[in-house]
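Worksheet: the structure to be examined is printed underneath.
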Amino acid sequence: MCGICGILHTSPIAHQVDEALLIAMSTTMTHRGPDDSGTFVNPSRRLGFGFRRLSIIDLSPAGNQPMSTPDGSVTIVFNGEIYNHLRLRQALEAKGYRYRSRSDTETILYAYLEYGLEFVHKLLGMFAIALWDERKQRLVLARDRIGIKPLYYTLRDGRLVFGSEIKALLEHPVVSRELDEEAMSHYLTFLIPPAPMTMFRNILKLEPGHMIVVGPDGTPVKTQYWDPAESSGQPSITLDGDPVASSPFAAHESLHDEKASAAMIQTLLKQSVKDRMMSDVPFGVFLSGGIDSSTNVALMAELMDRPVDTFSVGFRDLERYNELGYARRIAKDFRTNHHEIIIDDKDAFEFLPKLVYHQDEPLADPVCIPLYFVSKLARDNGTIVIQVGEGSDEQFAGYAWMKRELRFYKSLWKGYRVLPRAVRSLLCGIADPLLQKRYSYLVLDYLRKATLDQELFWGGAINFTPRHKERLLQSAGADSHVLARSWHQRLLKSDPSADYLKRMIYVEFKNRLPELLLMRVDKISMATSVESRVPFLDHRLVEYSMQIPSRWKIRNGQTKAILKDAVQGIIPDEIIHRKKQGFAAPMNEWLRVQWAPYVEHTLLDSTLVRRGVLRQDEVRRLLALHRSGQRDQGQNLWNLLNLVLWHNFWIERKPI
């Protein structure tokens, strides 16, 4: 795990890369790579790379980056891990390639030499890659299939500037700090600006499964090389020599038998956990006591001759948010080396400045706070690599709201849309002021979408709805439905028969999972110099799970049914069948009581409110409703607080 950055001069005007600038850019990401650093500038000084290293594989200097082929024709900087690099190495050595290190980085170099731009299809892992081909005068940027690792870039004044974090780009003098109001509007709805947008105008993030190639003429060409909607027809990487994973999953016999499918999921999970134990430094598991983290512990314990290191976080005096009892049960059953940390509102409040700094752009998910403290706990105990459970609920339908959305779609949605459009418009017009008065904006949004024939499902964490944004924003907000519609249409183009649950899962993979959930894991764990790995998002497992019939995922009202079958006997039944709680933070309570004066002052005194970008009367109304307990507005206020703190620090450059 590392931090990468770079500059490419794309215009014919003679510019030269400044090595001191590369060092300044990479130094902003020292937390991503405290162990080593490096730079590379090509002979014409058209291209330069900067690098910070967190040593995980081959801890020797031979594993440092930037790394070049022996003849210097290709150079790489790379953030992530390639779990099948040893198997690829065997194949490449058989073709005559000679290694100078034990690192996975060198395998990427030779895979590119051997397979050209198809090299990404050979890689199993998480990655953000920058490759410079001196002979072809070609820059290649690639982000992994699921979007576990970030990669940001901007094109300004004949330069392409890129990096693992936005703060590295901001070191370049041509990169300005400007709010993108369209991205802000989408952020208010989705809790994060959807890719390729960021909150900074003209700074973009590369989408998951995408690649940018810049040739000698300096023109960037972006292509998509992988998509969960189309993955079923692609050959997958061999599963530890088992040919089952080298055939298209759509034709696999287990998809016709529920028990066989559960067995296949178990096989894929075991291999995924095993692959992610590849490390030359200590590794462990974030343990909540739910199905996903408990399965990670159980499968890892099978493969180890020492106790698994496990780490949990809880909240002082707020027991209903804690899952520590279940985590302790798993720790006891599997004899782990267990560690816990308990935090309160004071700990969280003191962390706010670091949160704003490390997020780069606001991620309106309160889980970022406990995630930081459990990551720091791991690092303080000498654990550098952690396995986490993200991605399981998205692909196996583990959320209660998925059942709710399906129920609305199958009953209320279809029934209401039978009515003539004029009748629907009349009913919506009557209900609109009543629902707004009650602040029932989500209910109103379902009604509005059905009236306008829009897609029902926009994502699993919708915050400010279009009608609410009309009340909050001074100017018209961006139409977030355009994005939701594009995600639905993208899947239906590839799979016209996709049922509604599959459409929901696909939408999660296009936005909330990569840009919110995975970015909170990447940014916050890396703030403590800890690498997080995601076994449930092995692309082989994702390719398979996308083909599983929806009726096996939600069965008789039970969410995650097929996964529960798959882990039967691996973890205790008490854990499998307990009510899902979810990893959360007590933001509602903190914003209503301990943080209330600070939040009120910060929001109302902000430039965004004083200049009318956010309407003061609506912000005051949200504060009053929440503080009085009339209506829970905790998520709305946390969304706005993240936005204002980000704007204060990154745009106005005010201390927090």
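Annotations
- In segment 473-530, the residue that is farthest from Thr27 (Cα to Cα) out of those that are of a type in the set (Ser, Thr, Tyr) and in contact with a strand residue (DSSP E or B) (Cβ under 7 Å, 6 or more places away or on another chain) is Ser525.
- Lone unmet requirement of (1) assigned to a loop (DSSP other than H, G, I, E, B); (2) in the same structural domain as Arg471 (by TED's automatic domain parsing); (3) of a type outside the set (Phe, Trp, Tyr) for Leu406: (1)
- Residue in segment 282-312 that is modelled with the lowest pLDDT, counting only those that are out of contact with any helix residue (DSSP H, G or I) (no Cβ under 7 Å at 6 or more places or on another chain) and in a strand (DSSP E or B): Phe283
Every residue, every condition in (1) in contact with a Ser or Thr (Cβ under 7 Å, 6 or more places away or on another chain); (2) touching a residue at least 60 places away in the same chain (Cβ under 8 Å); (3) among the aromatic types (Phe, Trp, Tyr), yes or no:
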position	(1), (2), (3)
Thr559	no, yes, no
Ile571	yes, yes, no
Asn588	no, no, no
Leu603	no, no, no
Arg620	no, no, no
His626	no, no, no
Leu637	no, no, no
Phe649	no, yes, yes
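- Answer residue from segment 5-56, given it is over 20 Å from Ser164 (Cβ atoms) and β-branched (Val, Ile, Thr) and is farthest from the chain's Cα centre (by Cα) among those: Ile13
- Selection within segment 591-633 - under 17 Å from Ala364 (Cα atoms) and either surrounded by fewer than 18 Cβ atoms within 10 Å (Cβ to Cβ) or in the same structural domain as Leu355 (by TED's automatic domain parsing) (or both): Asp632
- Leading residue by the ranking (nearest to the chain's Cα centre (by Cα)) among those in segment 156-182 that are crowded, with 21+ Cβ neighbours inside 10 Å and either among the small types (Gly, Ala, Ser) or assigned by TED's automatic domain parsing to the domain that holds Asn639 (or both): Ser164
- Residues satisfying the criterion are absent from segment 355-365 (criterion: closer than 30 Å to Thr30 by Cβ, among the polar types (S, T, N, Q), in a loop (DSSP other than H, G, I, E, B) and within 23 Å of the chain's Cα centre (by Cα)).
- Verdict on Lys332 being of a type outside the set (Gly, Ala, Ser), without any contact (Cβ under 8 Å) to a residue 24 or more places away in the chain and either in a helix (DSSP H, G or I) or surrounded by fewer than 16 Cβ atoms within 10 Å (Cβ to Cβ) (or both): yes
- Test for Tyr112: is it surrounded by 21 or more Cβ atoms within 10 Å (Cβ to Cβ), more than 18 Å from Leu59 (Cα to Cα) and within 27 Å of the chain's Cα centre (by Cα): yes
- Taking segment 578-656 as the region of interest, the helices (runs of 4 or more DSSP H) fully inside it that hold 1 or more residues being modelled with pLDDT of 95 or more and farther than 30 Å from Tyr326 by Cα are 596-604, 607-610, 616-628, 634-646.
- Leu141 vs. criteria touching a strand residue (DSSP E or B) at 6+ places or on another chain (Cβ under 7 Å) and among the aliphatic types (A, V, I, L, M): yes
- Any pair with Cβ under 8 angstrom, 6 or more apart, that starts in segment 406-433 at a residue that is touching a residue at least 60 places away in the same chain (Cβ under 8 Å) and of a type in the set (D, E, K, R) and ends at one that is crowded, with 16+ Cβ neighbours inside 10 Å and part of a helix (DSSP H, G or I): Lys410/Tyr500
Okay, residues lined up against (1) at pLDDT below 95; (2) in a helix (DSSP H, G or I):
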{"site": "Ile430", "(1), (2)": "no, yes"}
{"site": "Leu442", "(1), (2)": "yes, yes"}
{"site": "Ala450", "(1), (2)": "yes, yes"}
{"site": "Gly459", "(1), (2)": "no, no"}
{"site": "Leu483", "(1), (2)": "no, yes"}
{"site": "Ile505", "(1), (2)": "no, yes"}
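- One residue stands out among those in segment 122-155 that are in contact with a Phe, Trp or Tyr (Cβ under 7 Å, 6 or more places away or on another chain) and over 29 Å from Arg201 (Cα atoms): the one that is surrounded by the most Cβ atoms within 10 Å (Cβ to Cβ), which is Leu124.
- Whichever residue in segment 294-329 is under 30 Å from Pro597 (Cα atoms) and in contact with a strand residue (DSSP E or B) (Cβ under 7 Å, 6 or more places away or on another chain) and, among such residues, is surrounded by the most Cβ atoms within 10 Å (Cβ to Cβ): Val313
- Flag if Ile291 is crowded, with 16+ Cβ neighbours inside 10 Å, farther than 16 Å from Ser532 by Cβ and within 26 Å of the chain's Cα centre (by Cα): yes
- Residue within segment 524-531 that is in a loop (DSSP other than H, G, I, E, B), of a type in the set (D, E, K, R) and under 30 Å from Leu371 (Cα atoms) present: no
- Segment 229-265 - residue that is modelled with pLDDT of 85 or more and touching a Leu at 6+ places or on another chain (Cβ under 9 Å) and, of those, nearest to Thr295 (Cα to Cα): Ile265
- Count of residues meeting criterion [within 21 Å of the chain's Cα centre (by Cα) and either surrounded by fewer than 21 Cβ atoms within 10 Å (Cβ to Cβ) or among the aromatic types (Phe, Trp, Tyr) (or both)] in segment 640-651: 1
The values are calculated or read from the model by the stated rules, or taken from the named source; none is laboratory data. Keep in mind the model is a prediction, meaning the values are calculated, not measured. So basically every Cβ, Gly included, is an ideal-geometry build from the backbone, and we count neighbours across all protein chains shown.
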